[in-house]
Structure formats: C-alpha cells, structure tokens
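Chemist: Handing you a structure now.
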Amino acid sequence: MTVLDVEQARRIAVRAQLLDAPATRAGRSVAEVVDELTLLQVDPTAAVAPNVDLVLWSRLGGDYEHSDLTFALETERSLVEHSSYVRPVDDIGLVLATMRHELHPRVLEWVEANARFRTDVLAQLAAEGPRTAAEVPDTCQVPWESSGWNHDKNVNRLLEMLTLLGDVAISSRHGKLRVYDLAERVYPADLTVPSYDDAKAALDRRRLASLGIARGSARGNGGEQIGAGSGGVPVTVAGVAGEWRADPDALAAADDDFEGRCAFLSPFDRLVYDRDRALDLFDFEYVLEMYKPAAKRRWGYFALPVLHDDRLVGKLDAKADRRAGVLRVHAVHEDVPWSPATGDAVDAEIDALASWLGLAVVRDEGIRARPR
C-alpha cells in the first residue's frame, strides 16, 4: 500500500480543489470549475458573500461575477440547481438515480398519500409554466408534519420531493425564491438515469477526484456524502491513523512541483467541509460559529479559513457592510505564528476580496495591515 507523508496528502487535496497557483485555473469557465469540484453548496448566508460566489471567486479571481453563474444555470444550462447544490447538468442522471434509492420511506409515503396534490402541481406547471412555491395552490390531502421549519409547508415540501424524484426541476430564481418547472423542460432531452449501483460508483469516483484524498466513509452535516466511498485506491498517511483512499491521477502527480497561494475559503468549501479531514491532514480546527452566542465565539460569526500554500493557517473574521460600502475586518486569527510573507499575502488577499465586492476595507481598532 502506498504511504504518503502529510505534505503530499495536503498538496493532493489542495490541487484537487483548484486552490494551488492561479495559473492552474487560467481560462476555466464557471461550468468547468463546477465540473471539477462536482458541486457548490447553496447556502443563503451572505455575511461576506454567498457560498457559491465565495467558492467561485477563490478559484476564478476578481473577474468572476454572480451573473456568470446565473448564465450557466439559466441560459447555457450547463449547470443545474438540485436540492441544496449546484451541479453539472451531466451529473443529474447519476444524482437522480441515487436520490430515488436513498429517499426515506416516510417521504415516499407522504408523496403517495398526496397523489392528487402531485397531479395538480404537475398539471399547473404543464399548463402555466414555471412557478415559485408561493404561486402554486395548496391542495394537499395529508399535510406535512414535523417539529421543525417545514411543518405544514406542503407546497414547498412537495416541490422539493418532486425535484428529488425527477418530476420537476429548479429552472431559475426570482431573487432568493426558487422557480420550478417540469423536469423535461430543464434537463437534457436525452437524460438517462442509470442503475443505483452504477450511479453511486460514478459519483464516488467523481467526488474523490474533486477531493484528491479522503476517508472511505464520511458524511457531512447536510447529508451529502463527503467520503471516498468505493472510489480510488487505498493509501496511508504517515503519522495519521487509519486508511485513506486517493484518486489515482492525483496520486500519480503527488510529487509534481507545487506552487501555492493565499486564499480565503467559505466555511462550506470542500477543502474544509470535512472537519475531521481538515484536522487530520492540516492540523486545522474549525467550527462554524454563526449559531453560537457572540460571547462564546472564538473566531467570529462567519470566519473564513485562510489557506497559504499547502497549509490552513488561520481565520478571517470579516463582514461585508454593503450599506456603508465597506468590508469590516473584525479580526485576523493566526493559528500559528505567520512569517512576514504570509502576513503580506493575507493583507493582499483582504484587499482583493474587498475589491471584488466593490467595498473599501475598514479594520477594527487594533487590526492593522502590515506595511508593504
């Protein structure tokens, strides 16, 4: 079995996520980047910028605009929003195959109990075209019951379930609202849905290619698989307990020259989303603290992990105050003492982030940029 040192493992992970030197991503389109990353998690939190935009900015640089993603989703149709993720449209058949197999029986039973409701919704979309959930009448027979956010939100739940089943699809957004249409009007006409086993194996391979190296089994908080599954080849990492799996192409390039850079990452970025992997390979501890009381936060409401070369070295606590036109830097946390070069790179990246957002940098008292 191949044995990697920790530095090799980290560089495999960084390269796979397109976070090495900018030259490695030159000329890529939004669709090409998402294809290599396999997905973008859709999350409404915009303390700095929404996750989809932060991830794409960190790969594509300051020329990226949200309209580029909208074009790929709504005009080019090279990408599609499905459930809580933006994915390549070429993967949608694989996703549908696994979703149909893995849906909880309670969900299927509820959809079956609302057969007439389902028929009504599909008929309205067929006759009247794309609709937001608010524009769809609630004709359910059996209300959705839960102790949480979705209690009695019957139209939203049915549209989400029909998206998972492949009957409807998210065709666009009106502001923050999803717009739904019949799947046949959104997905390719030649869409095929393979068997569950074939789809799962293909998604495992693609996921691992986007991660480079991962544990065989790991699951994120949102239910999306973040482990390697059946993909790749087994390896061990010196000094780290247990077995890993590595993408064969990434493994073959493990000793290639590596040129790193500085990047700020969203808390939902796949380099850090598997918190255990980040701790094992990067010695990086991270908790998203937006749900904690302010007095109990160590790093900030929506602190951005800081990547420098092949190390995760700290967190940036900042907030975009669009009304005032400023990016407020509340704290810059150094997990380990930074060299002058690292500090300069972080300061330059703060300026780049503010420039991309169209904001001026304002640092809280005591937070000073290093003289250059």
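Chemist: Among the residues of the stretch 240-261 satisfying the criterion of being out of contact with any helix residue (DSSP H, G or I) (no Cβ under 6 Å at 6 or more places or on another chain), among the acidic types (Asp, Glu) and assigned to a loop (DSSP other than H, G, I, E, B), which is surrounded by the fewest Cβ atoms within 10 Å (Cβ to Cβ)?
Modeler: 257
Chemist: Provide a single number: the residues in the stretch 33-62 that are under 15 Å from residue 356 (Cα atoms), open to solvent by less than 20 Å² (accessible area, probe 1.4 Å) and of a type in the set (A, V, I, L, M, F, W, C).
Modeler: Step one: filter the stretch 33-62 for residues under 15 Å from residue 356 (Cα atoms), giving 46-62.
Subsequent filtering for residues that are open to solvent by less than 20 Å² (accessible area, probe 1.4 Å) retains 47-49, 51-59, 61.
With of a type in the set (A, V, I, L, M, F, W, C) added as a condition, the list becomes 47-49, 52, 54-57.
Adding up the residues that qualify gives 8.
Chemist: Quick check on this structure: which one of 215, 185 is more than 19 Å from residue 88 (Cα to Cα) and open to solvent by 20 Å² or more (accessible area, probe 1.4 Å)?
Modeler: 215
Chemist: I've got another one for you. Sort out which residues of the stretch 79-122 are over 19 Å from residue 187 (Cβ atoms) and not in a helix (DSSP H, G or I), and write them in order of number.
Modeler: Selection gives 104, 114.
Chemist: Go through the stretch 1-30 and report how many residues are open to solvent by less than 20 Å² (accessible area, probe 1.4 Å) and on the phi < 0 side of the Ramachandran plot.
Modeler: Residues that pass the stated criteria total 11.
Chemist: Looking at 193, 235, can you tell me which residue is touching a residue at least 60 places away in the same chain (Cβ under 8 Å), assigned to a loop (DSSP other than H, G, I, E, B) and either open to solvent by 40 Å² or more (accessible area, probe 1.4 Å) or not aromatic (Phe, Trp, Tyr) (or both)?
Modeler: Checking each option against the conditions leaves just 193.
Chemist: Could you identify the single residue in 137, 143 that is more than 20 Å from residue 172 (Cβ to Cβ), part of a loop (DSSP other than H, G, I, E, B) and free of Cβ contacts under 8 Å to residues at least 12 places away in the same chain?
Modeler: Values: 137 fails: free of Cβ contacts under 8 Å to residues at least 12 places away in the same chain.
Going through 137, 143 in turn, the sole match is 143.
Chemist: Give 144, 149 a once-over and let me know the one that is closer than 28 Å to residue 40 by Cβ, of a type outside the set (D, E, K, R), open to solvent by less than 20 Å² (accessible area, probe 1.4 Å) and at pLDDT below 95.
Modeler: Going through 144, 149 in turn, the sole match is 144.
Chemist: Could you tell me which residue of the stretch 329-349 is nearest to the chain's Cα centre (by Cα), considering only residues that are without any contact (Cβ under 8 Å) to a residue 60 or more places away in the chain and within 15 Å of residue 261 (Cα to Cα)? Steps first, answer last, please.
Modeler: Here is the first cut: in the stretch 329-349, the residues without any contact (Cβ under 8 Å) to a residue 60 or more places away in the chain are 329-341, 343-344, 347.
Imposing the further condition that a residue be within 15 Å of residue 261 (Cα to Cα) reduces the set to 338-341, 343-344, 347.
Values: 338: 28, 339: 30, 340: 31, 341: 29, 343: 27, 344: 28, 347: 25 Å.
Here the residue is 347.
Chemist: Of the numbered conditions (1) assigned to a strand (DSSP E or B); (2) at pLDDT below 95, residue 368 satisfies every one except a single condition; which is it?
Modeler: (1)
Chemist: Same structure, new question: Name the single residue, out of those in the stretch 154-170 being open to solvent by less than 10 Å² (accessible area, probe 1.4 Å) and among the polar types (S, T, N, Q), that is nearest to the chain's Cα centre (by Cα).
Modeler: 163
The values are calculated or read from the model by the stated rules, or taken from the named source; none is laboratory data. Predicted model, so just to flag it, every value in this text is computed and none were measured. Here Cβ is always computed from backbone atoms with ideal geometry, including for glycine, and neighbour counts include all displayed protein chains. SASA here: full protein model, heavy atoms, side chains in, ligands and nucleic acids out. Shrake-Rupley method; radii C 1.70, N 1.55, O 1.52, S 1.80 Å.
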